[in-house]
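What follows is a single structure, written as structure tokens, with notes after it.
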Amino acid sequence: MSFRNFLLSFVLCCCSASAAFALEGGYYRVQNYATKRFCYIWDNTGKLDWAKTDADLGAIELFKTKNYSDPGGVIYVKPVGSSYDIQSQGTGVYKMIQYYVSLSDRGNGNYWVYASSKGVTKYLCDAATSTRDERGTMATATSSTGATYQLWHVLPISAETDEYFGITPTVTMGSRYFKPFYAAFPFQFYSSGMKAWYISKVDEKNGVAIISEYTGNVIPGEMPVILEASTANATTNRLSLLTEGGSAPADNQLTGCYFCNQYRLTSSNAKTEFNASTMRVLATNANGKLVYTNSTQTLKQINSKYYLNANESYLKVSSAAPAELVVMTQEEYDAAYPPKVNVSSITLNQTSANLYVGDNLQLQAVVSPDNATDASLTWSTSNAQVATVDANGKVSALAEGTARITVTANDGSGISASCDITITRKIVYVSSIVLNQTSANLYVGDNLQLQAVVSPDNATDATLTWSSSNAQVATVDANGWVSALAEGTARITVTANDGSGVSAACDISVQNGTGINAAKMSLQRNGMIYNLKGQPVRRTEDSTEGLPAGLYLVDGRLIFIP
């Protein structure tokens, strides 16, 4: 039986104990008086058959060798009224059989351990027939069992006596000694120079297991740990066993295994088969480094299979983990694999801007913090028809409209910043207007073509408006044609329409020329050139070359041919 069987055995011996005896609660080693073999809990499976007067107690193995470092040999006796609950390895008699046990004091620290139910009492004994053998088996006593074989010597465990519990390291790294450890009881370090470690994080990608020191005053029960000792000997690595206390860290990645019973192959609780794909055990590698490995070198082989060692911690990993994980402290890990520092903010030199078509704007981004692992950025535009941006943040305004320029961190943090761009077409105002004439003398009925030159050439709006200061004397049309109507003066003004206020003027003086004007007005505008006598001299489509210098009438207008 496993611990359960052992508990049952204890139950058998303890249920009918003398009411006058009271064993103080605490941790003990239990030794058979006749065979001198010690009890070790190697399993948690067993049963007690009251009707058949037998018990399956194979989980309790008996050995003559006293192992000071085996938690399986540590029995916690807990008083419950006048009875006891016998506990070890994460289980107990009451949990297994719902009975408390009794002890019968036989003197000198020796006891009968028994259980009684429905008038039946069963005592536990060492069933081995030879006291010379190293190993024996637990059983229930029969009528032929010698009295001393069912007598058990109870030895209190104390760090201050020869009945101490100490750690025997199994892994050595240079001058340091380690023991992967898993036990049901809480404890403190009694010997100096001891530490408790655990694995707080596993980085399978880089093949690292990060080790952290447990700094609590009490290492809690059922906490898988790595114990570091000052020496290789259990006697100088003693623990003070406690009944309560301690708080396990939430980030502990280790797991523990209680049993590895090679004699109970049919029991599913007797052992844990090692899975090289998902389990790693503590060892040192060829370089002398502390590692978690899938090597089976330190494991127990039973019938060609490997099993985890009893009362040791181990590491569970994914099937993708490397065969070996190097053990590092957080400081060593940070030095070897600097932690990623994400971008926390991006600040732009502008968050909005008004541009003209054709303009450029250089946006500048400041990334925080300064030590961000990846400070690279990606620029983008919400409307590439209106504005584009290059990889360096240079914005080009292409057309009227709006666009949002966004810069985003490339480290996956999702941090970004943006600038809203409004683009309009730039107005180039008229700066000057130059007329071909700034003054003119006309006769009534004359016409004059004024011509205006606008500067600059790329003025956004180069349209003009013509006006006369005295429409009774002279008028002007939209193309700058001036018509002299009566004697007097008038100022013809041309003004830019773009709101610039730029203008130019021509002062017109009109005289009355009755004879000539009458002749001009009477002539039909028939495409002929007339002299001042009203005589046609040439058609207008012909060249004027060869005509005498002077004044002529052309299409009802008076012109001078030099």
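I'd like to check something: does the stretch 480-493 contain any residue that is polar (S, T, N, Q), open to solvent by 40 Å² or more (accessible area, probe 1.4 Å), outside any loop (DSSP other than H, G, I, E, B) and at pLDDT 85 or above? Within the stretch 480-493 (the criterion being polar (S, T, N, Q), open to solvent by 40 Å² or more (accessible area, probe 1.4 Å), outside any loop (DSSP other than H, G, I, E, B) and at pLDDT 85 or above), the answer is yes, since at least one residue qualifies. If you check Val93, Val80, Val120, which single one turns out to be among the β-branched types (Val, Ile, Thr), open to solvent by less than 30 Å² (accessible area, probe 1.4 Å) and touching a Phe, Trp or Tyr at 6+ places or on another chain (Cβ under 8 Å)? Result of the check over Val93, Val80, Val120: Val93. Restricting attention to the stretch 299-311, and to residues there that are outside any strand (DSSP E or B) and without any contact (Cβ under 8 Å) to a residue 40 or more places away in the chain, which single residue is most open to solvent (accessible area, probe 1.4 Å)? This residue is Asn303. In this structure, Gln262 does satisfy being closer than 18 Å to Asn311 by Cα, part of a loop (DSSP other than H, G, I, E, B) and in contact with a strand residue (DSSP E or B) (Cβ under 6 Å, 6 or more places away or on another chain).
To keep it simple, each residue is scored yes or no on (1) touching a residue at least 60 places away in the same chain (Cβ under 8 Å); (2) part of a strand (DSSP E or B); (3) open to solvent by 70 Å² or more (accessible area, probe 1.4 Å).
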residue	(1), (2), (3)
Gln297	no, no, yes
Ser313	yes, yes, no
Ser319	no, no, yes
Val327	yes, yes, no
Lys340	yes, no, yes
Thr347	yes, yes, yes
Val367	no, yes, no
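Could we say that Gly216 is part of a loop (DSSP other than H, G, I, E, B) and either on the phi < 0 side of the Ramachandran plot or among the acidic types (Asp, Glu) (or both) here? When the stated conditions are applied, Gly216 passes them.
Of all residues in the stretch 276-292, those that are surrounded by fewer than 20 Cβ atoms within 10 Å (Cβ to Cβ) and in a strand (DSSP E or B) total 1.
Residues in the stretch 245-281 that are of a type outside the set (Gly, Ala, Ser) and farther than 28 Å from Ile210 by Cα: 7 in all.
From the list Val357, Val317, Val343, the one residue that fits, being in contact with an Asp or Glu (Cβ under 7 Å, 6 or more places away or on another chain), under 30 Å from Leu265 (Cβ atoms) and β-branched (Val, Ile, Thr), is Val317.
Exactly one residue among Val395, Val444 is touching a strand residue (DSSP E or B) at 6+ places or on another chain (Cβ under 8 Å) and at pLDDT below 95, and that residue is Val444.
Quick one: would you say Gly246 is assigned to a loop (DSSP other than H, G, I, E, B), touching a residue at least 60 places away in the same chain (Cβ under 8 Å) and loosely packed, with under 14 Cβ neighbours inside 10 Å? Answer is no for this residue.
Looking only at the stretch 153-191, count how many residues are crowded, with 20+ Cβ neighbours inside 10 Å and among the charged types (D, E, K, R). Going through the stretch 153-191 one residue at a time, the tally reaches 1. Residue pairs whose Cβ atoms lie under 9 Å apart, sitting 6 or more positions apart in sequence or on different chains, and linking a residue in the stretch 421-445 that is over 12 Å from Val494 (Cβ atoms) to a partner that is basic (Lys, Arg), are Ile421/Arg404; Tyr443/Lys520; Gly445/Lys520; Gly445/Arg557. Pairing residues of the stretch 541-562 that are free of Cβ contacts under 8 Å to residues at least 12 places away in the same chain with residues that are of a type in the set (Asp, Glu) and surrounded by 14 or more Cβ atoms within 10 Å (Cβ to Cβ), at Cβ distances under 6 Å and at least 6 apart in sequence or on separate chains, gives no pairs at all.
Residue-wise test of (1) closer than 18 Å to Gly358 by Cα; (2) open to solvent by 60 Å² or more (accessible area, probe 1.4 Å); (3) not basic (Lys, Arg).
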residue	(1), (2), (3)
Leu377	no, no, yes
Gln385	yes, yes, yes
Val389	yes, no, yes
Gly401	yes, no, yes
Ile405	yes, no, yes
Asp411	no, no, yes
Ser432	no, no, yes
Ala462	no, no, yes
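Screening Thr388 on (1) part of a strand (DSSP E or B); (2) closer than 30 Å to Asn269 by Cβ shows it passes everything except condition (2). Among the conditions (1) modelled with pLDDT of 70 or more; (2) open to solvent by 20 Å² or more (accessible area, probe 1.4 Å); (3) more than 60 Å from the chain's Cα centre (by Cα), Asp498 misses just one, which is (3).
The values are calculated or read from the model by the stated rules, or taken from the named source; none is laboratory data. Keep in mind it's a predicted model, so treat the numbers as computed, not measured. So basically every Cβ, Gly included, is an ideal-geometry build from the backbone, and we count neighbours across all protein chains shown. Quick note on the areas: whole protein, heavy atoms, side chains included, nothing else; ligands and nucleic acids left out. Shrake-Rupley method; radii C 1.70, N 1.55, O 1.52, S 1.80 Å.
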